[in-house]
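Below: the structure, in C-alpha cells.
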Amino acid sequence: MTPDLYTGRCTRFLNAQPHMRKLGIQLVKAAPREAVLVLPVQPQLVSDVLDTYLHGGVLTTLVDAASSVSTLCALDEFELCPTLDLRIDHMRTPVQSQPLYVQAECYRITRSVLFTRASVYQASPEKPVANAVATFMRPEPGSTDTAFRAMIEGQEHEATA
C-alpha cells in the first residue's frame with residue numbers, strides 16, 4: 001500500500017468518528033504499521049481546578065485512536081478491530097501550552113489479535129508523557145459492515161434493498 005492510501009484510510013477512519021472530530025485529533029503521519037496523531041492545544045481541555053492539562057479520558061482516547069490507526073496501517077484491507085485491552089503508564093504531566101503527539105506502532109499481527117505500543121509526547125519523543133500497550137481483536141472474515149468498510153477505503157458503496 002502506498003503512503004497516500006495509508007493517509008486516506010486513517011484520515012477517513014478518524015473523520016468517521018464524531019468524538020475524534022470534537023477533540024480535534026488529527027493525523028500527522030501514516031506509514032507501514034505506524035501512525036502519529038496530534039491533539040492540538042484547546043482551552044476547553046484545560047482544567048484550572050485540577051491544575052492539569054486534560055482529563056485522563058482524553059489522553060486515553062488519543063492513545064486508543066493512534067493505536068487503532070496503526071492497525072489500519074498494518075493490514076492489507078480494512079478490518080474494524082475493537083480494543084481488547086489498553087494499558088497506559090503516565091510518566092509526567094503535560095505542559096498546557098503544547099500539543100500532545102502520540103506515535104503508535106502495530107508490532108505483531110496474529111490470526112485473531114493485533115498488538116500495539118504507543119508513546120505520548122510533546123516537545124520530544126525522548127521525554128514521554130505516557131507509554132501504552134494495547135491489543136485489538138480481529139473480526140471473523142466478512143463480518144465488518146460493507147458500507148463502513150467502503151467508506152474507510154474511499155470506495156463507493158451501493159445500498160442494497
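Structure summary
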| quantity | calculated |
| --- | --- |
| Cβ-Cβ FRET estimate between R117 and T60, R0 fixed at 22 Å, reported to 0.05 | 0.90 |
| For L84, net neighbour charge (Lys/Arg +1, Asp/Glu -1) across residues whose Cβ lies under 12 Å away | 0 |
| Added length on full extension, which subtracts the Cα-Cα distance from 0.36 nm per residue, Q96 to V46 | 17.3 nm |
| Cα-projected label distance for L75 with T110, points at 7 Å along beta-carbon direction, nm | 1.7 nm |
| Burial ordering of E77, E140, fewest other beta-carbon atoms within 10 Å first | E140, E77 |
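Every read-out reported here was derived from the displayed coordinates using simple, explicitly stated rules and does not represent laboratory data. Worth saying up front: this structure is predicted, and the values here are computed from it rather than measured. FYI the Cβ positions are ideal-geometry reconstructions off the backbone, even for glycines, and counts take in every protein chain you see.
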